[in-house]
Number of protein chains: 2
Amino acid sequence: MCELMGMNASVPTDICFSLTGLLRRGGHTGPHKDGWGIAFYEGRACRTFHDPAPSAHSPIAEFVRSYPIKSRIILSHIRRANRGRVSLENTHPFTRELWGRAWTFAHNGQLRRAKKLPLSSARPIGTTDSEHAFCWLLGRLHQTFGDKAPSDEKLQAMLAGLVEEIAHYGVFNILMSDGRTLFAFRSTNLVWLTRRDPFRPATLVDTDLTVDFARHAAPSDIVTIIATRPLTRNEEWQSVPKSALIAFRDGEMILPRSAKRAIKAVPLPGAVPCP
Amino acid sequence: MCELMGMNASVPTDICFSLTGLLRRGGHTGPHKDGWGIAFYEGRACRTFHDPAPSAHSPIAEFVRSYPIKSRIILSHIRRANRGRVSLENTHPFTRELWGRAWTFAHNGQLRRAKKLPLSSARPIGTTDSEHAFCWLLGRLHQTFGDKAPSDEKLQAMLAGLVEEIAHYGVFNILMSDGRTLFAFRSTNLVWLTRRDPFRPATLVDTDLTVDFARHAAPSDIVTIIATRPLTRNEEWQSVPKSALIAFRDGEMILPRSAKRAIKAVPLPGAVPCP
């Protein structure tokens, strides 16, 4: 299994603190030694860093961890290979262009027979079931909506149906983004928290590092972090609602009307309607 | 105008030496201060590093220049913007997947009205004419050959026709790769050299750094470097033949039969037939 981490914020924010915890799980405090990757969005494009080496000992990881690249949407993944050899082409997050935007995708879990899902426009470069599922998702979006991006509401509704369909093939915890919205879906493990005023100190689970966000953040900043397991020991992480696609923008959860009805039994503080 | 640099080698090779010269042109010894990018292939995938900041002062550039990432195909570009604002999405090289391979593309020159070229599968993320041309090229390849990659010979012949077509729109010096072959096309400025046994010392044009390749390379290594302008002052760089698509694999120029006939008047040492 692998570990995921995503961030969505109201202003460009760096992820150095959370990344310090996550990357230690890649061969140090965790067994995820088969590579790691990260995508930082800037507008419609993103920068990605990938390394098939364990993140705890990767010079690229050390550089990314210590160099504060600011972004409003960040996706990261550390890998423990189950299917697909350890190689650059099998290292998440995967990226493809659709509707003139870079889409990125990272997956935790294992899918059975998902490679039978028929592909159209996007094709896998590597051999993981994860990348195959991503290509299928984008192909279905393209087949459904053609060459122009649909409204946010239609996109999220369609995507919700598609991820639910794939989730039948096995464990499907994912983070996905088009640079505007950060989408998350949980089969088994995915937790989140939103940091906002009043900010407090937070201490990592994986090492004794503490940051007092009150000293670094402006009162109007809103930052949501999503991860496979809590990254800090003194903050309240909550589970992502199971089997429902959730979406974040500007640091806040956004929900289309239909999804809101579907998961209304689950407490979701801070949820605001999809614009 | 921008500057291009590409490398193709018989064995995974780092590009630290050449990159030291090139990146100084990004705001130090040259005016190309509007970003830079580099792609390192590993198999069918590639790692890319992009920065819209001047390469001479970019921490990412400093990291990439000093960290020896070995690859058989590398493409790099430093930008002086003419069309398209300075931003990550307008920073070359551009990447798209086609036939399950990562294709990368970097362009030096300016095209007029090239944005009228009709697009199909691939769409630009940024606003440069370069990325538009790249998307058009890939779309035409996909339309022509469908979902399966053609033979090397057919691919190179088709690509040769397409780049010749775009070259009518202005200045079109490019480097392009699918991870197997490094393609190059020159309208105005593009030079190349091949280093092979016996290796000799080389000194950069942009700074006084000298490397004696005899101390670093094995006798069987073959390394070709392509650049907008010579990077070293004591090696014999030769012009890429004008208006003919050339291709390199395993450090050697490869030519399909038809292209060989077309450019037979131009001396091309080291050329071997396309396998």
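The values are calculated or read from the model by the stated rules, or taken from the named source; none is laboratory data. Just so it is clear, the model here is predicted, and its values are computed rather than measured. Here the Cβ is made from the backbone with ideal geometry for all residues, glycine too, and neighbour counts use every protein chain on show. All accessible areas refer to the heavy atoms of the entire protein, side chains included, with ligands and DNA or RNA removed. Shrake-Rupley method; radii C 1.70, N 1.55, O 1.52, S 1.80 Å.
Summary table below
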| item | result |
| --- | --- |
| Exclusive hit being at pLDDT 95 or above, out of contact with any Cys (no Cβ under 9 Å at 6 or more places or on another chain) and either open to solvent by less than 40 Å² (accessible area, probe 1.4 Å) or over 18 Å from A:L23 (Cβ atoms) (or both), set A:F172, A:F213 | A:F172 |
| B:D147, sole failed condition from (1) more than 10 Å from every other protein chain (Cβ to nearest Cβ); (2) within 24 Å of B:A45 (Cβ to Cβ); (3) open to solvent by 20 Å² or more (accessible area, probe 1.4 Å) | (1) |
| Complete set of residues in region A:58-68 that are in a loop (DSSP other than H, G, I, E, B) and open to solvent by 10 Å² or more (accessible area, probe 1.4 Å) | A:Y67, A:P68 |
| Of the criteria (1) part of a strand (DSSP E or B); (2) within 14 Å of chain B (Cβ to nearest Cβ); (3) over 30 Å from B:R85 (Cα atoms), which one A:H77 fails | (2) |
| Subset of region A:38-57 [small (G, A, S), closer than 18 Å to A:R24 by Cβ and surrounded by fewer than 22 Cβ atoms within 10 Å (Cβ to Cβ)] | A:A53, A:A56 |
| Every pair of residues 6+ apart whose Cβ atoms lie under 7 Å, when the first sits in region A:124-136 and is more than 14 Å from chain B (Cβ to nearest Cβ) while the second is of a type in the set (G, A, S) and surrounded by fewer than 23 Cβ atoms within 10 Å (Cβ to Cβ) | A:D129/A:A114; A:A133/A:A114 |
| Hits in region A:188-204 (condition: buried (at least 19 other Cβ atoms within 10 Å of the Cβ) and either assigned to a loop (DSSP other than H, G, I, E, B) or at positive phi (or both)) | A:L190 |
| Tabulated pairs, region A:38-61, first over 12 Å from A:R101 (Cβ atoms) and facing another protein chain (nearest Cβ under 10 Å), second hydrophobic (A, V, I, L, M, F, W, C) and assigned to a loop (DSSP other than H, G, I, E, B), C-beta under 6 angstrom, 6+ apart or interchain | A:F40/A:I69; A:P52/A:V86 |
| Of residues in region B:233-275 being part of a strand (DSSP E or B) and β-branched (V, I, T), the one modelled with the highest pLDDT | B:I246 |
| Residue match in region A:16-30 (condition: within 14 Å of another protein chain (Cβ to nearest Cβ) and open to solvent by 10 Å² or more (accessible area, probe 1.4 Å)) | yes |
| Qualifying positions in region A:216-233 - among the hydroxyl-bearing types (S, T, Y) and surrounded by 17 or more Cβ atoms within 10 Å (Cβ to Cβ) | A:T224, A:T228, A:T232 |
| Residues (open to solvent by 20 Å² or more (accessible area, probe 1.4 Å), touching a Phe, Trp or Tyr at 6+ places or on another chain (Cβ under 8 Å) and modelled with pLDDT under 95) located in region A:99-119 | A:R112, A:R113 |
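So that you can scan it fast, the table gives a plain yes or no per residue for (1) open to solvent by 10 Å² or more (accessible area, probe 1.4 Å); (2) assigned to a loop (DSSP other than H, G, I, E, B):
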position	(1), (2)
A:E89	yes, no
A:H92	no, yes
A:E97	yes, no
A:S121	yes, yes
A:S130	no, no
A:L159	no, no
A:I166	no, no
A:F183	no, no
